[in-house]
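First comes the structure, then the notes that go with it.
The values are calculated or read from the model by the stated rules, or taken from the named source; none is laboratory data. Source: prediction; values computed, not measured. Note that each Cβ is placed from the backbone with ideal geometry, even for glycine, and that neighbours are counted across all protein chains shown.
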Amino acid sequence: MDYGKLKNEIIEYSKKIGIDKIGFTSADPFVEMKNLLIRQEELGYQSGFEHKNIEERTHPELIFDEPRSIIAIALAYPSKMKDAPRGERGARRGIFCKASWGVDYHVLVREKLEQLASFIDNKVQDARFKLMVDTGELVDRAVAERAGIGWSGKNCSIITPEFGSYVYLGEMITNLPLAPDEPMEDQCGECTKCLDACPTGALIQPGQLDAQSCIAFLTQTKGLLPDEFRDKIGNRLYGCDTCQVVCPKNKGIDSDWHEQMKPDPEIAKPLLQPLLEISNREFKGKFGEVSASWRGKKPIQRNAILALAHFKEQPAVEDLIKVLNEDVRPEIRGTAAWSLGKIGGNQAEKALIHAKSKEEHPEVLEEINKGLRFFESHENIK
């Protein structure tokens, strides 16, 4: 078998099916990444969403029988929203991060990997594959970096010369001995714009992220958001783009040729107040195809409540009082209580006093007291 010829055929086919970039690397252990993951775990910087076994995350031979090479791919996604609606008083809007616009990228990238695997399978007898997109054992970023897709930026994203960091990543382990590509030289230089701009200081140092304080992670949690992050979330409903938006390598880049990735403005930048009472069926019908829906509606609703507090949105007070009085989920009631205090006004204060007299859940009572303290300290104008 002429594997050099096969590699070239794979590259040409990848272009035909809309893969924006492809690279090849060995199936050797990812030693540097292993050391980084161990350090991250020791420091408590992991998000908890990762695959738990560090050995399996860094040793392809533990998850695939006799691996010979890994094929990495990247799909470029858009960074601009055409005809983006503007929020205004009485009709405030939240925002989903760019990586969650359009159809769920897990679906899109896996489809491309499956097409690629089918192409190779038709050419090579006994070819075997293991496909991964984000939720697999291997660290996508480590594979992409070693395969020459791009370099690992200080913001912990893979940055490509062609598409910046606005790329989805995926890979397949295979038993075929395909020649590896050269890794790309780091091109961040002395720039620290991403570290300087991080809203919570989650980028501890170049290439090291404390996921526990990263807004992208925090927006996906389901409980009460820690106090220190509530004022920093802004109107983000899912994810955070700050470290990508400020990156000079992303300036002027908008890869908008994949039709399925283009955002529906009413999904990517939805009105906040309707989210407070959206049913499970309505949520699935509207947001079910986007990656931001994977954790269900609770985190999105909680973040919407915090966004209304961010805007000091007086027209939302009645809706928030209804949530405080009627929602069965303590995390949502508690967040509504805190937000009512943040927004302020006589109506909000009276509602909190009334809720305190009948609320039994200790965490919600604590949030009601936090809300009332805003009035005591005059942080809100009544």
* Structure fact -> Checking Lys112, Lys154 in turn, the sole residue that is modelled with pLDDT of 95 or more and in a loop (DSSP other than H, G, I, E, B) turns out to be Lys154
* **Every residue from region 267-285 that is over 19 Å from the mean Cα position of the chain (by Cα) and either closer than 16 Å to Tyr238 by Cα or in contact (Cβ under 8 Å) with a residue 40 or more places away in the chain (or both)** => Leu271, Leu272, Gln273, Leu275, Leu276, Glu277
* **Number of the condition not met by Ala144 [criteria: (1) in contact with a strand residue (DSSP E or B) (Cβ under 9 Å, 6 or more places away or on another chain); (2) surrounded by 17 or more Cβ atoms within 10 Å (Cβ to Cβ); (3) within 24 Å of Glu42 (Cα to Cα)]** => (3)
* Could you look through region 153-196, keep only residues that are aromatic (Phe, Trp, Tyr) and in contact with a Ser or Thr (Cβ under 8 Å, 6 or more places away or on another chain), and pick out the one that is farthest from Gly136 (Cα to Cα)? => Phe163
* To do: May I ask you to verify whether Val107 is surrounded by fewer than 20 Cβ atoms within 10 Å (Cβ to Cβ) and either under 19 Å from the mean Cα position of the chain (by Cα) or under 30 Å from Ile343 (Cα atoms) (or both)?
  => yes
* Extreme residue, farthest from the chain's Cα centre (by Cα), among residues of region 1-24 that are at pLDDT 95 or above, surrounded by fewer than 18 Cβ atoms within 10 Å (Cβ to Cβ) and not in a helix (DSSP H, G or I) -> Asp2
* To do: May I ask you to verify whether Ser47 is among the hydroxyl-bearing types (Ser, Thr, Tyr) and either over 19 Å from Val133 (Cβ atoms) or surrounded by fewer than 17 Cβ atoms within 10 Å (Cβ to Cβ) (or both)?
  => yes
* Asked: Can you tell which of Ala304, Ala351, Ala309, Ala316 is touching a strand residue (DSSP E or B) at 6+ places or on another chain (Cβ under 7 Å) and touching a residue at least 12 places away in the same chain (Cβ under 8 Å)?
  -> Ala304
* Take Ala202 and decide whether it is within 17 Å of the chain's Cα centre (by Cα), modelled with pLDDT of 95 or more, of a type in the set (Gly, Ala, Ser) and closer than 13 Å to Gln244 by Cα. => no
* Asked: Which one of Arg39, Arg89 is touching a helix residue (DSSP H, G or I) at 6+ places or on another chain (Cβ under 7 Å), more than 25 Å from Tyr166 (Cβ to Cβ) and surrounded by fewer than 18 Cβ atoms within 10 Å (Cβ to Cβ)?
  -> Arg89
* To do: Could you please let me know if Ile159 is under 22 Å from the mean Cα position of the chain (by Cα), over 20 Å from Asp28 (Cβ atoms) and either of a type in the set (Ser, Thr, Tyr) or buried (at least 22 other Cβ atoms within 10 Å of the Cβ) (or both)?
  => yes
* Asked: Has region 286-294 got at least one residue that is assigned to a helix (DSSP H, G or I) and over 17 Å from the mean Cα position of the chain (by Cα)?
  -> yes
* To do: For region 121-129, indicate whether the set of residues that are within 17 Å of the chain's Cα centre (by Cα), surrounded by 14 or more Cβ atoms within 10 Å (Cβ to Cβ) and either in contact (Cβ under 8 Å) with a residue 60 or more places away in the chain or outside any loop (DSSP other than H, G, I, E, B) (or both) is non-empty.
  => no
* Considering every residue within region 165-175, establish whether at least one is in contact with an Asp or Glu (Cβ under 6 Å, 6 or more places away or on another chain), buried (at least 24 other Cβ atoms within 10 Å of the Cβ), aliphatic (A, V, I, L, M) and in a strand (DSSP E or B). => yes
* To do: For region 297-310, state whether one or more residues are assigned to a loop (DSSP other than H, G, I, E, B) and modelled with pLDDT of 95 or more.
  => no
* To do: Go through the residues of region 333-356 one by one and say whether even a single one is under 34 Å from the mean Cα position of the chain (by Cα), over 22 Å from Asp231 (Cβ atoms) and at pLDDT 95 or above.
  => no
